[in-house]
Structure formats: structure tokens, C-alpha cells
Amino acid sequence: MMIELELSTSLLLCLLPFLFFFFFINLFQSKSTKIPKSYPIIGSLFSIFANKHRRIQWTSDVIQTTPNLTFTLIRPFGFRQIFTANPSNVQYILKTHFHIYQKGEVFKTTMADFLGDGIFNVDGEIWKYQRQVASHEFNTKSLRKFVETVVDAELNERLIPLLADAAVEKKVLDFQDVLQRFAFDNICKIAFGYDPAYLLPSLPQAKFAVAFEEAVKLSSERFNAVFPFLWKIRRHFNFGTEKKFKLAVDEVRQFAKQLVKEKQRELSEKSSLDSVDLLSRFLSVGHKDEDFVTDIVISFILAGRDTTSAALTWFFWLISEHSQVESFILEEIKAKSESPVYDEVKEMIYTHASLCESMRFYPPVPIDTKSATEDNVLPDGTFVKKGTRVSYHPYAMGRVEKLWGKDWDKFRPERWLDKDEVSGNWIFMAKDMYTYPVFQAGPRICLGKEMAFLQMKRVVAGVLRRFRVVPVTDKGVEPVFVSYLTAKMKGGFPVTIEERNNS
């Protein structure tokens, strides 16, 4: 304990002159949207600190002041990070020069304790193999079963009754928390074949789920740290946030490993594979390494839990602000209500467009980062030195007038639609995936994209058919957008639930 105290005191004394200077500068510094000024050794430290609580918005604002939608941020000690919202650069990074732009050692090292060798933390043959095996879970048969059994059961047996009770009791719910619980139950059933029952009426604090949330938050803080050596020191001496992080990760991994053992025993007693969960598929092809299989499943839980719940949280807020869009969605829900569940969600074209438009403003993963494995030059002329982190910025891309027109700031699902001249029905018009890389693009494009849309549309139909979701905050007041590994509403999304007049 004495060593930790002395270490912390020494670091504080070393940083005091910089902190004092930063405080002085920050008294007079506005949140400038110009490319931040860089100083010797410390780089753009002052601007980084001044905007640390609005990192996504700040970098987005700076990008939009540049002619090529790209800028280079100089971090302390000369480390560079390139941010871009240029579709040509995005295509170059994610597709044509995919082999150059990898996860990289910084990302892998930072996330290794949590994600290990899971699909989102590796490159090369390990990544390719995991993707190949996992891809079998996303065929039409599996997707139909997912919607008709897993999602529908969670919706009708848990989410709808919870909302009905809240409507009767006039209770305020944190809808962000509710949607995270819904998604967590769903993805655990798909990943493990296990039901954590996290969306019970009591809204239980399940240890695994709470630990997972803590691990996500603290690993994100690692990744966004201005001075990465500080978290590495804390990890070495196991104190502060790193001690909390270790406890959270241990809880997640121990629980996941226990599920792996149970699944191995279950499969050993069967003559054939009849389970459709991801864990069963990996174990059935011969994987015995518990750590490796656990890494894989944790990565998929991260993807399935946080992305869909984030997208739905912002969607329901936007719908509450745009009653005309909500009316069109309700008309579509009514028109499709006689269709089988899977066909209903597949055919919800206007709702699909509304979700796309919502994610244009609030992408679940607002920034994604790669690392250059060799010196390179991006299509817009930006030089990339080997080892440089290059971040493409979906949040910024959704706000660029050059890409979306003068009405880019309007929530307008119709920009994704066209009318069939014969039938008069809506036709969905997909955007170029490098202009709208919300689900990534190229070889790493999200395997679960269709599954995510099916799940989200089923939730939208199930909830809006019966209820109004009414934000507690004043109309027109935008919630604060924050990002860990995925987007969140700061402080949650408090709402009341109102039953519709079905007549």
C-alpha cells in the first residue's frame, strides 16, 4: 500500500506543472472545432483534456472543418492518430488495403484481458477461422428460429408484461437498462444456449451481467486513456480501476468457463448436434481449449448485447420526437400484423429505414480504429506511418452535408426509400457501405447485421403496437451521447409507458 501511495504521489508531482498550465489554459479556451494546436512533447494534450467528456462530438466537429474530412491528432510523446470521415479512405482501410489496416498491437494489448483471442481482438488466420465457423449461425434457418423462438419468447413473456405493469403503476423505467437486459438475455441464449433471466420483473442485478457491464466500461477507459502507461502501472500493482477491472473480468470468465464445461458435458451425452447456440458449434468442431472458446463467446456477447440495445435506445427517443414517423411505423405494423412473425419483420420496410436513419445519427459503434502495419498513403493524400492508429468515424459521417445533403440534420427515414411505381409500396434503397459503415464493411462486415435488424424490428413492432414510450425529459432536449466501446445515453433513458387505445 505504501508503494502505491508513493507511486501515485510521484506521478502527481511530475504532472502538477502540466495540470496547472492546463487549468489556466482551459479557463480561457473554448471548445474549438479547429484542428487542435500541438506543442512539443505533450502534443495536443490541452485540447484532448478539454474535450475528454465529449471526445466523439469534438473529433466529429474537427473533421467537418477539414476539406478532405480527415485530420491527424498529435498525442503526447509524438503518437499520432488519424481520424477520417472520407468514404474513399474508409473503403481503402476496410476493403482494398484491408491487409495493411489491422487491429494492431495497441488494441490487442489493451483489450486482451477482457476479449483474449476472441474474434474482435485478433487478425489473420485466427480471425478468419472464427468468422468461418460463426457464419453458420447466421443462415436463414437460424435467423428464422432466432426471431420466432428466442426473441419472441423474451418479448412476449418478459418485455411486454414488464411494460404493461409499468403503464398500470405509472412507473418510470430506465428504458436503456431494460433494452440492455432484453438484448443480454437474447445473446446469451444464442451464444451459450443459456438464459440469464436478466429481464425479470424485479430487474435483478445478476453478477455475470453486472460484471460484464463493468468490464466493458473499464476496458473502454483503458483504450481512451491519454497516458496508457498509467493503467499499465495500476494493472501491475493491482490497484484502483485496474483492480476493479480484474475482478469484473474474473467474474465474467469464471462464469463463462463454467457454462463451457456444462455444454461440453451436454454434448458428450448426445449422438448428434441439435443445439443451435454458438458455443455448441465451436465445441462440436473439436475445440477443447476452454480459454479460447470462452474468448470467442465473450466477443459475441459484447456485439449482441450492446449494439442492438444502443440502437434501439436512440431510436425510441427519436420516435418520441417525430410523431409523424411514429404514425407511419404504426400503419406498417398494423398492415403486417396478420403475417407470420418472421415474415412480418422481414417486410417492415419503413421501420427498417427508420432504424437506419436513427443509426446514422447515433451509430452503436461511433468510432472504430485500425493500426497500419506499414507506411502508407490514404486516397486523400494523408500519409500514414507504420504503427499509426487510423480511426474511421461513423458518427461524423452521418453528419456530413456533402454525404447526406443540406437536410442532413433532419430525421427523415424517406431518404432511404423509393416508391414502386406499380404497387405504390416502399422500396428500401441501401446506401454505399463506405458512406454508412455502421456495420463496418469489407471482409470484417458484421456477421450479425441481419440478425440485429430482425431483432430490432420485432421489438419495435411488439412495443409500439401496444404502448407509447414517453421520455421523462422535456421534448426537444437531446440526451447526452457518450461512448464506451459502444454508444450510451448518459444517465440512462428514463421513460413512462402508456397503453395505446387499441380501438
| field | Subset of the range 68-82 (residues that are modelled with pLDDT of 95 or more, at negative phi and assigned to a loop (DSSP other than H, G, I, E, B)) | value | ASN68
| Among the strands (runs of 3 or more DSSP E) contained in the range 409-493, which hold 1 or more residues that are open to solvent by 60 Å² or more (accessible area, probe 1.4 Å) and aliphatic (A, V, I, L, M)? | 426-428
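Take the residues of the range 361-377 that are closer than 21 Å to THR72 by Cα and open to solvent by less than 30 Å² (accessible area, probe 1.4 Å): which is farthest from the chain's Cα centre (by Cα)?
So, considering only residues that are closer than 21 Å to THR72 by Cα and open to solvent by less than 30 Å² (accessible area, probe 1.4 Å), the one farthest from the chain's Cα centre (by Cα) is ASN376.
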| query | Any residue at all in the range 18-38 that is modelled with pLDDT of 55 or more, open to solvent by less than 10 Å² (accessible area, probe 1.4 Å) and not in a helix (DSSP H, G or I)? | reply | no
| Scope the range 241-274; condition touching a residue at least 60 places away in the same chain (Cβ under 8 Å) and either closer than 26 Å to THR486 by Cα or under 25 Å from the mean Cα position of the chain (by Cα) (or both); matching residues | PHE245, LYS246, VAL249, VAL252, ALA256, LEU259
| field | Among the residues listed as PHE77, PHE71, PHE146, PHE120, the single one being free of Cβ contacts under 8 Å to residues at least 60 places away in the same chain and either closer than 30 Å to ILE497 by Cβ or open to solvent by 50 Å² or more (accessible area, probe 1.4 Å) (or both) | value | PHE77
| query | Has the range 4-17 got any residue that is modelled with pLDDT of 95 or more and open to solvent by 70 Å² or more (accessible area, probe 1.4 Å)? | reply | no
| Just to be sure, is LEU199 among the aliphatic types (A, V, I, L, M), outside any helix (DSSP H, G or I), touching a residue at least 24 places away in the same chain (Cβ under 8 Å) and touching a helix residue (DSSP H, G or I) at 6+ places or on another chain (Cβ under 7 Å)? | yes
| task | Would you check if TRP231 is more than 23 Å from THR110 (Cβ to Cβ), of a type in the set (Phe, Trp, Tyr) and part of a helix (DSSP H, G or I)? | result | no
| Number of the exception - ALA310 against (1) touching a strand residue (DSSP E or B) at 6+ places or on another chain (Cβ under 8 Å); (2) surrounded by fewer than 23 Cβ atoms within 10 Å (Cβ to Cβ) | (2)
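If we keep just the residues of the range 45-67 that are outside any helix (DSSP H, G or I) and within 27 Å of the chain's Cα centre (by Cα), which is surrounded by the most Cβ atoms within 10 Å (Cβ to Cβ)?
Taking the range 45-67 and keeping what is outside any helix (DSSP H, G or I), we get 51, 64-67.
Subset that is within 27 Å of the chain's Cα centre (by Cα): 51, 64-66.
On the way: ASN51: 20, GLN64: 17, THR65: 12, THR66: 17.
Applying the filter and picking the extreme gives ASN51.
One line per residue, one yes/no per condition, for (1) part of a strand (DSSP E or B); (2) open to solvent by 10 Å² or more (accessible area, probe 1.4 Å); (3) small (Gly, Ala, Ser):
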{"residue": "MET359", "(1), (2), (3)": "no, no, no"}
{"residue": "PRO379", "(1), (2), (3)": "no, yes, no"}
{"residue": "GLY387", "(1), (2), (3)": "no, yes, yes"}
{"residue": "ARG399", "(1), (2), (3)": "no, yes, no"}
| If you take the residues in the range 121-152 that are at pLDDT 90 or above and aromatic (Phe, Trp, Tyr), which one is farthest from the chain's Cα centre (by Cα)? | TYR129
| Across the range 202-225, what is the total count of residues that are assigned to a helix (DSSP H, G or I) and not basic (Lys, Arg)? | 14
| query | Which of the residues spanning the range 202-219 are open to solvent by less than 10 Å² (accessible area, probe 1.4 Å) and in contact (Cβ under 8 Å) with a residue 60 or more places away in the chain? | reply | PHE212, ALA215, VAL216, SER219
| query | Taking LYS257 and the conditions (1) at pLDDT 85 or above; (2) out of contact with any Ser or Thr (no Cβ under 9 Å at 6 or more places or on another chain); (3) farther than 30 Å from VAL477 by Cβ, which numbered condition does it fall short on, given that it satisfies the others? | reply | (2)
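Restricting to the range 193-215, name every residue that is polar (S, T, N, Q) and either touching a Gly at 6+ places or on another chain (Cβ under 8 Å) or closer than 25 Å to LYS244 by Cβ (or both).
Across the range 193-215, the qualifying residue is only GLN205.
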| remark: Of those in the range 154-179 that are of a type in the set (D, E, K, R) and in a helix (DSSP H, G or I), the residue nearest to the chain's Cα centre (by Cα) is ASP177
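The values are calculated or read from the model by the stated rules, or taken from the named source; none is laboratory data. Values in this document were obtained by computation on a predicted structure and should not be read as measured data. All Cβ positions, glycine included, derive from the backbone under ideal geometry; neighbour counts span all protein chains shown. The protein model used for the area step is the full one, side chains on, heavy atoms only, and it has no ligands, DNA or RNA in it. Shrake-Rupley method; radii C 1.70, N 1.55, O 1.52, S 1.80 Å.
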